Structures are given as structure tokens and as C-alpha cells.
Amino acid sequence: MKPAFFVKEAMRSISRNAIPSFAAMASVLVTVLVLGVFIPVVQATTGAANEVRGRVLVDVYLKKHATKADIARVQGLLRDKVDHVGKVEYVSKAQAYAQEKKRNPEAYQLLGANPLPDTFRVTPDKPDNVLKLRDALMPAAVSGPPTRRAPVDTSIEQVKNRKDETTKILTATRVVKLAMGGLAILLIVASVLLISNTIRLSLFSRRREVEVMKLVGATDSFIRWPFVIEGIVLGALGGVVAVLLLGVGKVALLDPLSSDFALIAAPETIGFGLLAVLLLVASVGVSAAGSSISLRKFLRV
């Protein structure tokens, strides 16, 4: 049988069953619209969470009279011999003094001498490893109370990781990422069920037609292909309309606001062209799969 026959039958079915077909297309349209908005929001939220997590640091303060040799030794230790080290930034006591004096010139003008130590700001390879990195730099003492700790190098005076701030950042960003992931899964499942059920209603209205075709000897493939093509056409129509509406919304609302609001312009999200392709592929694929799956019940005569 020629493909043109199945396409013709699919178009005839759409025209004869306008209401169920429109309901299926509307379901795809709404689902794609929601996905088109939700995907960039999830990306922006996750990106912001990752950016905040990237600010988690461990500060390694050196002793007041540390020499250049001591600084070089500690720097080599951090880069080559300590686990979970991602990035190492050295801040000399002169640089630290200049930075703090710029923030509070009156207070630092009264000090006279520089009280700040040479510091290494160490970023962990993964934000969740910040406590492991701190323990690697300041392990527990072999003897004595567990609160007493000795640094891995005698030139290190103190290791701090801003525990309270770090814990809050890691907890908050973890909750955000888990919440966004859970919502994404729920939305995908709901979308598949909605489209599948809508197409099933469309098929239910034509169950007698399917039964008659089975009884006169039509094969499952012969019956299935017009419905699958119908699902593809409806999915494509719903996807195209949704992408057009998203494009209009982007040009009319989002783009003008991005120049005035840094919060909208800052997040790096998927490009609109790639997003449109993904949404169209998803709408066609889910609709075709929903048609095929929903049809199985009516092929058992």
C-alpha cells in the first residue's frame, strides 16, 4: 500500500472527527507551551544554584612571618598533594590590606600596620567536598581533644570554610535542584499521560470502525498507520502553534525586558532555535507513541 493512502486516510479521519482531533492538538499545544517555558526556567534556576555553589571556598591563612619559601611550599602542597582541590588563588597580605582598606578606609587608617596574613583561597573540585578539603588541610590531632587540629604544614596558621554560610548554600541549592528535577519529571509524566488519554478518547469514538476493519481481515499495521500519521500531524500542528506563540512571547515580552533586568539577561539557557527543534520533535514523538500505544487495546477484537 502506498504511503499516500495512509496520509489521505489520516487527513480524512481528522476532518471527520474534528472535535477529538482538536482536543488532541490542544493538549499537545498546552503541553509544549508549558515545556517551552519550563525548560529555560529549570536551566536558569539550576545555573544560578551552580553559580552560588561555585562560591564555596576554604581560606588557608598563613602565619604572620611566613617567608616566600613557605608560601611556595604551601602552594605546591595545595596543588599537588591535597585531595579535592579545584582552584587555588593566592592573596598576599598587601593585596588583602588594600582590598579591606578600600572597603573601610577610616578603620584601616587607624591601624597603621598591616594585621592581615597571606592567604590562599581554595575552591574545592566539587562544592560538596568542601568539608573533606578542610579536614585534609587541618586534620584532627593524633592525641588530645577532637576539637584540637593541627595543619598539614607548619606555616599554616588557620583553615576556615565559613561553615554556617557553606552549609546554608549547599542545603538551599540542593533543595532547589531536587525540586526542579522533581517538577520536570512530574511535568513529563503528566504530559505523556495527558496526550495519551486524549488520543485514546479520539480512538474510542472510532472503535466501531476499527472493529469492522479487523473483522473484514485488515492487518494491524494497515489499521495502525493512519492513526499514527494522524497523531504525528496533530502533534506537529500543536507543536508548531506552540513554538510560534513562544516566539511571539519572546520577541514581544522577554527581549525588551532583558535589556532592563539583569536577572532575565544573565542566565545562560538553551537557544530558542534548538529549543524549538526539541519541542517539535518531542510533540511529534509523544503524539505518535501515544497513538500507537492507545491503539493496542482496540486492535484486540
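Does residue 47 fit the bill of being in a helix (DSSP H, G or I), open to solvent by less than 40 Å² (accessible area, probe 1.4 Å) and free of Cβ contacts under 8 Å to residues at least 24 places away in the same chain?
Working: in a helix (DSSP H, G or I): yes; open to solvent by less than 40 Å² (accessible area, probe 1.4 Å): yes; free of Cβ contacts under 8 Å to residues at least 24 places away in the same chain: no.
In short, no.
On the given criteria, is residue 257 in a helix (DSSP H, G or I), closer than 21 Å to residue 40 by Cβ and modelled with pLDDT under 75?
Criteria met by residue 257.
Might you check whether a residue that is of a type outside the set (D, E, K, R) and at pLDDT below 80 occurs anywhere in the range 230-248?
Yes, the conditions are met somewhere in the range 230-248.
For the range 1-40, how many residues meet the condition of being over 39 Å from the mean Cα position of the chain (by Cα) and under 17 Å from residue 290 (Cα atoms)?
Total satisfying the criteria: 1.
Is one or more of the residues making up the range 132-143 assigned to a helix (DSSP H, G or I), at pLDDT 70 or above, among the aliphatic types (A, V, I, L, M) and more than 30 Å from the chain's Cα centre (by Cα)?
Yes.
The values are calculated or read from the model by the stated rules, or taken from the named source; none is laboratory data. Because the structure is a prediction, the values reported are computed rather than measured. Because the Cβ atoms are built from the backbone with ideal geometry, glycine has one as well, and the counts that use them run over all protein chains shown. The protein model used for the area step is the full one, side chains on, heavy atoms only, and it has no ligands, DNA or RNA in it. Shrake-Rupley method; radii C 1.70, N 1.55, O 1.52, S 1.80 Å.
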